[in-house]
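Visitor: After the C-alpha cells below, expect a handful of questions from me.
Just so you know, all these numbers are worked out from the coordinates, no wet-lab data involved. Predicted, not measured: the structure shown is a model, and the values here were computed from it. Counting neighbours? That spans all protein chains shown, and the Cβs are built from the backbone with ideal geometry, glycine included.
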Amino acid sequence: MTTTPPAPRTTSAPQKSFWAKYGYTIRQFFKFGVVGGSGVLVNLLVVIVCKKIYPHYETPLFNLFGTPWNVRLYHLYATVAFLVANTWNYQLNRMWTFRSRHHGGWLRGFFPFLAAGVAAFVVNLIVQTLLINPTSPVALPREIFDDSNGFRTLLYWATLIGTLVATPFNFVLSKLWVFAGVRAKNVRAKETTGDSAK
C-alpha cells in the first residue's frame, strides 16, 4: 500500500490576508509619501527663496527666556516654509490620498491637519537645530557643508533631513486623527457596495 505525501503548504493565504488587512493603509502611505515628496520640494524651495532674500540664516532673532539658546533666522525660514508646504500637502491629501474633498468644509479639515503638521514641524525644527548648531553632537560637518554652493549649503541639507524625519509622524497623525472620519466613511461605503453586489 502506497501513501501519497501531503501536499506542500502554500504561502499565498497569509500573503492575501496580510494585503487584505494592510493593503489599504500601505496604498495610503504610498500616496502620502508622493504628496509628502512634493511637499518636501515646496518646503525646500521656500527655504531657498528665503535664503536668497537674506542669506545670513544663522542670525539670532531673540533669546529663549534668558537661556544660552536663541531663535535664529533659519527657524523663521522653516516656519514660513512649513506653512506653505502644509497648505500644499493638505490640499493634495484631501483630493487624492484620503479623498475627503466631498466631506466637510476646507477649513474644517485644514486646522486639524495644521495641528498635526505642527507636531511634525516641532520634530523637524529640533532635527534642523541639532544639525546646524555647531555644538551639537550630530551637527553636520562644516568642512563639507560650507555654503560654498547650493549642494554644500548646510541649511538646505538640514531642512531636507528634518523634513524626512518628521514625515512618518505627520502620516500617523493625519491618518488617525485628521482623516479618520473620512476613512471610516470610505470603509462603510465599500462594505455597502460589496454587500449590494452579492
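Visitor: State the extension gain, in nm to one decimal, for the chain segment bounded by residue 56 and residue 118, taking 0.36 nm per residue of separation less the distance between their alpha-carbons.
Guide: Computed gain between residue 56 and residue 118 is 19.8 nm.
Visitor: Still on this structure, please answer the following. Could you tally the net charge around residue 133, taking each other residue with its Cβ under 13 Å from the Cβ of residue 133, Lys/Arg +1 and Asp/Glu -1?
Guide: Numbers: positive: 72, 142; negative: 58.
Taking every Cβ under 13 Å from that of residue 133, the sum is +1.
Visitor: So between residue 107 and residue 21, what do we pick up on full extension, going 0.36 nm a residue minus the alpha carbon distance?
Guide: Result: 27.8 nm gained on full extension.
Visitor: With θ set to phi - 60°, apply the Karplus curve 6.51 cos²θ - 1.76 cosθ + 1.60 along segment 161-172 and write out the HN-Hα couplings as whole Hz, x wherever there is a Gly or Pro.
Guide: Ordered by residue, 3J(HN,Hα) equals 5, x, 5, 5, 5, 7, 4, x, 4, 5, 4, 4 Hz.
Visitor: Expected output is a single nm value to one decimal: the length gained when fully extending between residue 147 and residue 177, i.e. 0.36 nm times separation in residues minus the C-alpha distance. What is it?
Guide: Additional length available on full extension: 6.8 nm.
Visitor: Here's something else I'd like to know. Tell me, what ³J(HN,Hα) does each residue in segment 137-152 have, in order and in whole Hz, if you take phi through Karplus 6.51 cos²θ - 1.76 cosθ + 1.60 with θ = phi - 60° and put x for Gly and Pro?
Guide: x, 10, 4, 5, x, 5, 6, 8, 9, 9, 6, 6, 8, x, 6, 10
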